[in-house]
Amino acid sequence: KKGKRFVLKDNRGRDIGKFQDGKLDTVVLLNKHLNPFKIETDVNNGVAVITGKVDSEVEKDLASELAYSVDGITDVDNKLTISPENERRNHNRDEGVMSDITDASITTAISTKLLLNTEIDSTDIDVDTDGKMVTLNGKVKSEAEKDLVYQIAKNTFEVKKVDNKLSVNAEKEMKKDKK
């Protein structure tokens, strides 16, 4: 059994909820980030109920904030859903960003370790990371230095694999021996 619905009215007897709903519809319509054809609003007793579909969590949050900006709306029941194809795309984009950050931190960690190791001349060593896979390019003075650089890279946190393309530069070896 349903109870009575309490309707707020202004001093002329007009339903305030309908006025607020119309105002919220206008705010959504005028916002360039939301598609008003995919969003429905209803306001009763100061509570805005928002339904429909949006493309991202950001758009969902935006709709709530816009509703709160309407005078007289005191609460928002945001029932918007994120379109599945966009949810996957947003998730993949976020994973890609995190992967790039992880790769950059791996490259920085290895490069810093090489720079701080006094036994390694890292000026001719290039470290690249893609998908936690490290590639070492450049020239080193000896096979021992090549192996040391490889071990440093391999022992760095989150590294899955190291492709050691370093070459031994005989000239560097000879200059070292002459000093």
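Residues are listed down the side, and each one gets a yes or a no for (1) surrounded by 13 or more Cβ atoms within 10 Å (Cβ to Cβ); (2) modelled with pLDDT under 90; (3) not hydrophobic (A, V, I, L, M, F, W, C):
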{"site": "Lys23", "(1), (2), (3)": "yes, yes, yes"}
{"site": "Leu30", "(1), (2), (3)": "no, yes, no"}
{"site": "Val49", "(1), (2), (3)": "yes, no, no"}
{"site": "Leu116", "(1), (2), (3)": "no, yes, no"}
Residues of segment 63-83 being at pLDDT below 90 and outside any loop (DSSP other than H, G, I, E, B), which ones? Ile82
Only residues that are within 17 Å of Lys141 (Cβ to Cβ) and assigned to a helix (DSSP H, G or I): list them for segment 101-124, please. Leu114, Leu115, Ser122, Thr123, Asp124
Mind checking whether some residue in segment 44-53 is at negative phi, in a strand (DSSP E or B) and among the small types (Gly, Ala, Ser)? yes
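The values are calculated or read from the model by the stated rules, or taken from the named source; none is laboratory data. All figures in this text were calculated on a predicted structure; none of them were measured in a lab. Glycine also receives a Cβ, built like all others from the backbone with ideal geometry; neighbour counts cover every protein chain displayed.
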